[in-house]
Amino acid sequence: MWLALVACTALAQDAAALYRAQCSYCHGARGEGGRGPDLTTGRYKHGDLFTTIRNGVKGTEMPAVRASDDDVRRLAEYVKSLARVDSAAVSGDPAFGHALYEANCGACHETVGPDLAGVARRGAAFVRESILEPGKEIAMGYRAIRVMVKDGAAIEGIRLNEDDTSIQIRDTRGQLRSLLKAGIVEIDRSKPSLMPSFAGRLDDKQIDALIAFLRELR
Amino acid sequence: MIRIALLIALTASAQVPYERLLKPEAGNWLMYSGNYSGWRYSALDLLTPANVRGLKVKWMYQARTQEKFETTPLVADGIMYLTRPENEVFALDAETGRTLWTYVHRNPERTFNCCGKVNRGLAILNNRLFMNTLDMHLIALDARSGRELWKVKMHDHEAAGGYASPGAPLALQGKVVVGMAGGERGVSGFLDGYDAATGKRLWRFNTIPQPGEANFGTWAGDSWKTGGASTWNSGAYDPELNLVYWGTSNPWPDYNGDFRKGDNLYSCSVIALNADTGKLAWYYQFTPHDLHDWDATQIPVLVDGLYQGKQRKLMAWPNRNGFYYLLDRATGEFLFAKNFVRQTWVKSFDAKGRPEVIPGNEPTPDGNTSVFPGVDGAANWMSHSYSPSTKLLYTFAREERRVFTKDEPRHPTTAPDAAVGRPFRRRPRFAPEESWGKVMAIDPLTGDTKWEHKVLSPPWSGVMATAGGLVFGGTLEGVVFALDARSGERLWHFMGNDRVYSSPISFISNGKQLLSLPVGDVLITFGLD
């Protein structure tokens, strides 16, 4: 137990040292941002931290890190730990929130929507905004798309990947689809989120309850 | 057996004298741009619109690098020479991709590259290969063995905010011309000429006029001392005029011009230098007092043609700032400019080619989101291509929506490293659909667009036209493509599934036309069966 703890701390120190040496001059000593963006919000526009840190961000100053995959994993954990936890009190009732979640959110979030575990650490305001104005800021890798294929069928879902020859989609039933562009008549990107707005459908008390419930989904 | 014998025989006599560089044979690729005119054109016509659909992967070279793989290989008499990051040189059998020798230059832990520890390639002359390094060395290798012949230090790489040298050198008769980077780090730019035999420096041209030199005084106060104006890509050469042409980078600091008022010569310019003396023949500044990091470090494209009834030596230049320019390359005279992507910053040009700038395009502390082209520009360092058979200029243009933020830069020499941070402001995000790429065919004499081929994302690949009537390139998603040079129709593609950050080359091996392009960290070579 003691040994394991020491090992853990040593690894954490490694990650901190790596971060200090290779990242802090752009992202700030505590991740507060500088030449690179703030890493303390717990929101990552590029999604998967491992991939971002491993490969860098094309066309920006964010370099591919020079470290082993294990180190990159540790760096990703370290970056997550830089996120400020939102500790503001919430008034909602988590059990009521759970019921609301099951009724309104769960089915979709378990097929096409993003995993909501940990989402509440980004703050109550963010969750509230996500519920009321889903299209405002799209979770990376979750852009909605609607594609008309040659036989007249329409496929709606999340755009998983795309190049000039094909497009990969998770459709609204959760099925993975890969379509060649040669067979596509029209691509509609005008509605960026699949999530409906709950403005006018959920009141403040219900939203507080949902936030309280989501906080427990760590 | 026959092939082995052949390779050894060729290796022993692989002489690439200057005369061969003057008239490169179609089957080899002897310099970064393929020829001195910067055409990136293959005179091979074995691949055609009729047979290109049969192109297949012939071999791959695995660079195993996390850095961007930006090299342009050279091919001379059956041997391919290429660099992989940071500064390693490989000689490969061009038929199989098998390694013949390697050379490794180790840089110190900290180098001062702006955008990755990249290298874009080599130059060859006689039996020598030349590579410049991130820690500011220029190295000559024996092309047969990879043995180091000499290594000179061009400049202290740690001076000011830091110097580096990532572009491909240009070999001329008996000499090598080499540029440097550091426009984001408050350096003082130059272009150097070295003796190919000894490594002795023959000349240095300061891209920021020093006190006592012509055109001194276009920088407020002391700002000229740290003004950047680097020369980080490669150049072109006109042997008849004996002029070397090279583009220069942005002035420093990029997005904040407050303490460098003035035109900031010779930043964002093309300079024409006498190849023997390094003396300035003429310059033209595309973007006076740049505030948008619109480097003019594109490869110059030299074309001859009838302009307004007169046969002239011309220079065609799709620039990062969104305009296509035609200049007279003997005199530097501005002939015209025409935008080839959406642009918001120029109202008009006067007769000398000075832009009248539209106010409101300056970077702002909160981020100006209404400026076009974007930060990475309409063109960047990736090669354009010119085909003498279609008489068209091909460019892989970037239509991009971005944000320009005015920051408070630290001073490279007086502020300590700890002060590097810029206050970070949330950047607006744009939908991916607001940016895209397009291969364009432009009539260089008029600037008129003949066709456009749109792709999903703004590219980091250059293009190469061939005598067979094709234009090759690759996308950020890794789609390697062949377009019909006359119509822009896509005839063939290959899913490489990783970023393309380089420009293609073509050459002959065993009587077949091959095509090579780095995709991700793999150099893929294609050919017909």
Original post:
Restricted to segment B:402-420, and to residues that are open to solvent by less than 40 Å² (accessible area, probe 1.4 Å) and at pLDDT below 65, which residue is farthest from the chain's Cα centre (by Cα)?
Top reply: B:415
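Being within 14 Å of another protein chain (Cβ to nearest Cβ) and either closer than 25 Å to residue B:243 by Cα or touching a Ser or Thr at 6+ places or on another chain (Cβ under 7 Å) (or both) narrows it down to one residue among B:168, B:160, B:140, B:164; which is it?
On inspection, the qualifying residue turns out to be B:164.
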Original post:
Among the residues of segment B:491-529, which ones are of a type in the set (D, E, K, R) and either within 14 Å of chain A (Cβ to nearest Cβ) or assigned to a strand (DSSP E or B) (or both)?
Top reply: B:498, B:499, B:512, B:521
Original post:
How about segment B:380-396: which of its residues are in a loop (DSSP other than H, G, I, E, B) and either surrounded by fewer than 24 Cβ atoms within 10 Å (Cβ to Cβ) or within 14 Å of chain A (Cβ to nearest Cβ) (or both)?
Top reply: B:380, B:381, B:382, B:388, B:389, B:390, B:391
Subject >> 1 or more residues out of contact with any strand residue (DSSP E or B) (no Cβ under 7 Å at 6 or more places or on another chain) and open to solvent by 10 Å² or more (accessible area, probe 1.4 Å): qualifying strands (runs of 3 or more DSSP E) within segment B:245-363 >> reply: B:301-307, B:310-318
**OP:** Determine the pairs where a residue that is within 20 Å of residue A:141 (Cα to Cα), located within segment A:29-46, has a partner that is of a type in the set (Lys, Arg) and crowded, with 17+ Cβ neighbours inside 10 Å with Cβ atoms under 9 Å apart, the partner being 6 or more residues away or on another chain.
**Re:** A:41/A:122; A:42/A:121; A:42/A:122; A:43/A:122
Subject >> Test result for residue B:142, within 24 Å of the chain's Cα centre (by Cα), on the phi < 0 side of the Ramachandran plot and surrounded by fewer than 18 Cβ atoms within 10 Å (Cβ to Cβ) >> reply: no
Original post:
Which condition number does residue B:185 fail, the rest of (1) at pLDDT 95 or above; (2) farther than 14 Å from residue B:89 by Cα being met?
Top reply: (1)
Subject >> Subset of segment A:160-180 [within 28 Å of residue A:106 (Cβ to Cβ) and in contact with a helix residue (DSSP H, G or I) (Cβ under 9 Å, 6 or more places away or on another chain)] >> reply: A:167, A:172
**OP:** Test each condition in (1) touching a Pro at 6+ places or on another chain (Cβ under 8 Å); (2) touching a residue at least 40 places away in the same chain (Cβ under 8 Å); (3) farther than 21 Å from residue B:235 by Cα for residue B:289 and report the one that comes out false.
**Re:** (2)
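List the strands (runs of 3 or more DSSP E) that sit entirely inside segment B:113-194 and contain at least 3 residues that are of a type outside the set (Phe, Trp, Tyr) and out of contact with any His (no Cβ under 8 Å at 6 or more places or on another chain).
Of the strands (runs of 3 or more DSSP E) lying wholly inside segment B:113-194, those with at least 3 residues that are of a type outside the set (Phe, Trp, Tyr) and out of contact with any His (no Cβ under 8 Å at 6 or more places or on another chain) span B:123-125, B:128-132, B:137-142, B:170-172, B:175-178.
Take segment A:137-163 and flag every residue that is over 14 Å from the mean Cα position of the chain (by Cα) and among the basic types (Lys, Arg).
Listed by number, the residues that qualify are A:146, A:150, A:159.
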Original post:
How about segment B:441-490: which of its residues are open to solvent by less than 20 Å² (accessible area, probe 1.4 Å), within 14 Å of chain A (Cβ to nearest Cβ) and part of a strand (DSSP E or B)?
Top reply: B:455, B:473, B:474, B:479, B:480, B:481, B:482, B:483
Subject >> Residue list for segment A:47-68, filter: free of Cβ contacts under 8 Å to residues at least 40 places away in the same chain and at the interface with chain B (Cβ under 8 Å from one of its Cβ atoms) >> reply: A:54, A:55, A:56, A:58, A:59, A:61, A:63, A:64
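The values are calculated or read from the model by the stated rules, or taken from the named source; none is laboratory data. All values derive from a computational prediction rather than experimental measurement. Heads up, the Cβs are rebuilt from the backbone with ideal geometry, glycines too, and the neighbour counts pull from every protein chain shown. To get the accessible areas, we keep the full protein, side chains included, count just its heavy atoms, and leave off ligands, DNA and RNA. Shrake-Rupley method; radii C 1.70, N 1.55, O 1.52, S 1.80 Å.
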